[in-house]
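The values are calculated or read from the model by the stated rules, or taken from the named source; none is laboratory data. These figures come from a predicted structure and were not determined experimentally. Using ideal geometry, Cβ is built from the backbone for each residue, glycine included, and neighbour counts are taken over all protein chains shown. We work out accessible area using only protein heavy atoms, side chains counted, and drop any ligands, DNA or RNA first. Shrake-Rupley method; radii C 1.70, N 1.55, O 1.52, S 1.80 Å.
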Amino acid sequence: MAKNKKWRFALLILAFIFSKTSAQPKPFDTYAPDGSMYIGVDYYPEHWPEERWATDIKLMKEAGFNVVRLAEFSWAKLEPREGVFDFAWLDRIMQMLAENDIYVILGTPTAVMPAWCAKYPETLAMKADGTRIVWGGRKNNCFSSSIYRQLSRRITRAMAEHYKGAANLVGWQTDNEFGSTDCRCNLCRAEFQQWLQNKYKTLTELNRAWGTHFWGLTFASWDEIPIPDDREGPWAISNPGASLDWMRFTSWLNVRFQDDQIKILREYHPDKFITHNFMGLYQNMDYYDLAKNLDVVSWDNYPTFGDDEEIHIPYSSSLAADVMRGLKGGNFWIMEQTAGPHGWASFGRNVRPGELAKICLQQLAHGADAQIWFRWRTCTAGREQYWHGLLGHDGLPLRRYEEAKGTASAYRKLEKELRGTSPKNDIAFIYDYDSMWALRIQPGYPGNSYQAAISRYYNALFRAGATADMIPPSADFSKYKIVFAPDLHILPDDVATRLDAFVKNGGILVTDCRTGVKDATGLAHARTLPGLLSPALGIRIEEYEAIPTELRYPVKGELGDFQARSHADWVIAEDASVVAHFETPWHMTGFSAVSQKHYGAGQGWYIGTVFEGDEFYDTLVKRVLAEANISPIITPPAGVETAVREDAGKKLLFIINHTDEAQVVDVPAGKVDLLTGRKSAARIDLDRFGVAVLKL
């Protein structure tokens, strides 16, 4: 918003105070009304004296920020006594922000209940030992409690009604970082039983789907069904089908709770966007379901989390960004971005000088359309005293503030060119929460992890300079040249049939061990593996084994010599070509480790083991990219990431140095670097944590 149009904001402030009407619905635009990107901070004015607010806002303006998130943990301050609301302090800060051309995203404050709420015992989640969680933390509620849902709807409605005409309110965030509390109370048990009845209709079908004839665990009435208590671990005893459904159910409880709020917010604010701050690679919820009724996905990126001082290549932040983009098939927001060292009881390493911008620009490259740091100022009280913000405890605008200011300036240079662009890929990974959960319940071989399986191939693509989409099993595979489906443990027949058609029609499928083992209920398919994928892969797997932790099986073939670990399928290549085979031990010498099948117009690749290190996956990915005629624009040196955002007639190439050493990168010559305004030579120098954005 232009500074010379204060009169317009004065009118908007009057509307904020007096308006009783809602604007008409309009399509959601990830950019601000004035065409700028949203850049700002998560701000907690309630933590500081009101005399400080003006100073904070002045510093935000000087940094180029135009948005803040407010109030997502302020239920006790907004409703200090049950049914008694106090919005005066929030009115004052929103007005001050409006006067300074700063937009607001309001959070519904239901992630932390007020103390008075705990007078209703059922609102607090129950632990496995039958005791209630003691009030005094966050995310400690029972989502089956009708009282908690009623109280949450009431504060949401009160906020929505009060801020119906707020001038600078642009959107809402539901709650904060939804995640299951795994409540074990009788309300949750009864709700689970009803959810199962709605899903399976009859006990006969539930008993079949769960295979309750095993150990004689058959149910004769719905109220006999318990909460599966011992779900994960090498000797977990709970029924796998019941455990899988419990994870689906607890995810659904969170989604239902959010939908309660969305309905209210849509009623009062049809012209405002609604988002939620997701947690990237978090595993305890089906994020596709949670994202369904939102306008845009936001997420919280903390790549420096932990106590390791080493500078790591942030593969997981790249992967998480692609997962977030895949939830709704579009660009996303960063609602909480790393601003400094963070932790609760202890903190990890600080962001190095120059690293803050690189962290942000990585997300921009993968489709972020907004950048909000968590938090503005490091709090002096509570569990997050060590979760550092742009300002320290002293409130002074020091190095991290200045780097954020510089990052905002870089975004302003890019925002016009970025508008309307997004990553567009010929490669996809199937990212499936059912398989993720099933493998946590029964990993098969020790150490098997769904996200680790995906990362082996994803990280190799990263190193090769290629990028990918993350898609659900229900997606249209025909949009892609290559689909990776590692560890796709839960494989319903319709998904297998569509993958078969994808290959037959010219696609390349890459999959590996433990794929296709179970159906949607968690029952093992009564078929020789890989089941309905056998024609497309040209193999059969009659037996398999876990490789003891201390052993490695040598593998040899046209891709090179490698070491297999953890798991080995005894793969018989029927009409597939053996690309690599086991050399030893003696019982494995007749089996394929890597196979390729030409099927129809496409190819099916099967990797029947887990390989030690990165070399095999790097070699395989280069081979598969060549088979698909996919050529990355550049081949980056180690530690450098490339990604492209594009729109009709426009491509923007991001080149990101994730290392703390200077790098030389071969690039297309004569292209303008949008950050410097200079044209590129045939190679460019990137400083430590340096970034270039070339317009191709």
Task: Whole-Hz ³J(HN,Hα) from phi, Karplus 6.51 cos²θ - 1.76 cosθ + 1.60, for the range 582-590, glycine and proline x - done: 6, 8, 8, x, 4, 6, 9, 5, x
TODO: Can you pull the one-decimal nm distance between simple spin-label points at LYS328 and GLU542, each 7 Å off the Cα toward Cβ?
DONE: 5.2
- [ ] For ARG184, tell me the accessible area in Å² from a 1.4 Å probe, rounded to the nearest 10.
- [x] 50
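Which value in deg cm²/dmol, rounded to the nearest 500, describes the helix-derived mean residue ellipticity at 222 nm for the chain, given -39,500 (n - 2.57) per DSSP H run of n ≥ 4 and division by the residue count? List each step's numbers first, then the result.
Values: 17 runs with 215 residues, N = 696.
The per-residue figure over the chain is -9500 deg cm²/dmol.
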TODO: Order HIS312, HIS598, HIS269, most accessible first, counting only protein heavy atoms with a 1.4 angstrom probe.
DONE: HIS598, HIS312, HIS269
Open item on the list: I'd like the FRET efficiency for ASP229 and PHE28, computed as 1/(1 + (r/R0)^6) with the beta carbon distance as r and R0 of 35 Å, rounded to 0.05.
Closed with: 0.25
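To the nearest 0.05, what FRET efficiency results for ARG208 and ALA54 with a Förster distance of 56 Å applied to their C-beta separation? Write out the running numbers ahead of the final one.
Numbers: r = 66 Å, r/R0 = 1.18.
Computed FRET efficiency for ARG208 and ALA54 comes out at 0.25.
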Task: Interchain or long-range residues, amide H under 5 Å from ARG69's placed H - done: VAL41, ASP42, TYR43, ILE105
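When the chain is fully extended, how far beyond the present Cα-Cα distance does ASP614 get from GLU161, taking 0.36 nm per residue of separation?
157.6 nm
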Open item on the list: Distance cut-off 24 Å, Cα to Cα: go down the list LYS272/LYS413; LYS413/LYS650; LYS479/LYS622; LYS292/LYS358; LYS358/LYS416 and report the pairs above it.
Closed with: LYS272/LYS413; LYS292/LYS358
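Assign unit charges at the C-beta atoms only (+1 for Lys and Arg, -1 for Asp and Glu), then state the dipole size of the chain relative to its Cα centre in Debye, rounded to the nearest 20. If you can, show how the numbers build up before the last one.
Numbers: 77 positive and 86 negative charges, 468 e Å.
Using only the charged Cβ atoms, the result is roughly 2240 debye.
Would you rank LYS127, LYS416 by solvent-accessible area, highest first, keeping every protein chain in place and using a 1.4 Å probe?
Details: LYS127 95, LYS416 175 Å².
Sorted by accessible area, descending: LYS416, LYS127.
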Open item on the list: Taking a virtual spin label 7 Å from the Cα of HIS598 along the C-beta vector, which residues in the range 616-636 bring their backbone nitrogen under 14 Å of it?
Closed with: 627-628
Task: From phi via Karplus (6.51, -1.76, 1.60), per-residue ³J(HN,Hα) for the range 272-283 in Hz, x at Gly/Pro - done: 9, 6, 10, 9, 8, 8, 6, 10, x, 9, 4, 10
TODO: Apply 1/(1 + (r/R0)^6) to the Cβ-Cβ distance of ARG138 and GLN194, taking R0 = 30 Å, and write down the FRET efficiency to the nearest 0.05.
DONE: 0.60
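State whether the range 308-466 is rounded, prolate or oblate according to the following rule on the C-alpha gyration tensor (a ≥ b ≥ c being the square roots of its eigenvalues): a/c under 1.5 gives rounded; otherwise a/b larger than b/c gives prolate, and the remaining case gives oblate.
On the way: a/c = 2.19, a/b = 1.33, b/c = 1.64.
Since a/c reaches 1.5 but b/c is at least a/b, the shape of the range 308-466 is classed as oblate.
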Task: GluC sites (Glu not before Pro) within the range 211-286, DSSP loop, no more than 15 other Cβ atoms inside 10 Å - done: GLU232
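Considering only DSSP beta bridges whose two residues both sit in the chain, what percent are antiparallel, to the nearest 5? Walk me through the numbers before you get to the answer.
Numbers: 55 of 102 bridges.
Given both bridge residues lie in the chain, the antiparallel proportion sits at roughly 55 percent.
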Open item on the list: For ARG688, what accessible surface area do you get with a 1.4 Å probe? Give it in Å², rounded to 10.
Closed with: 150
TODO: For ILE313, ILE607, give the ranking by accessible area with the largest first, probe 1.4 Å.
DONE: ILE313, ILE607
TODO: Show the residues, 5+ positions off or on another chain, whose built amide H is closer than 5 Å to the amide H of LYS164.
DONE: none
Open item on the list: What distance in nm separates the two pseudo spin-label positions at ARG683 and GLN283, each 7 Å out from Cα along the beta-carbon direction?
Closed with: 4.2
Task: In nm, spacing of pseudo-spin labels at HIS587 and ALA452 (7 Å Cα→C-beta vector) - done: 2.3
- [ ] Within 10 Å, count the other beta carbons around each residue, average over each peptide in 541-553, 633-645, 332-344, and list them highest first.
- [x] 332-344, 633-645, 541-553
TODO: Just flag the chymotrypsin sites (Phe, Trp or Tyr not before Pro) in the range 263-329 sitting in loop per DSSP whose Cβ has no more than 16 other Cβ atoms within 10 Å.
DONE: TYR282, PHE305
- [ ] Figure the gain on full extension for ALA381 and VAL672 (residue separation times 0.36 nm, minus the Cα-Cα span) and round it to one decimal in nm.
- [x] 100.0 nm
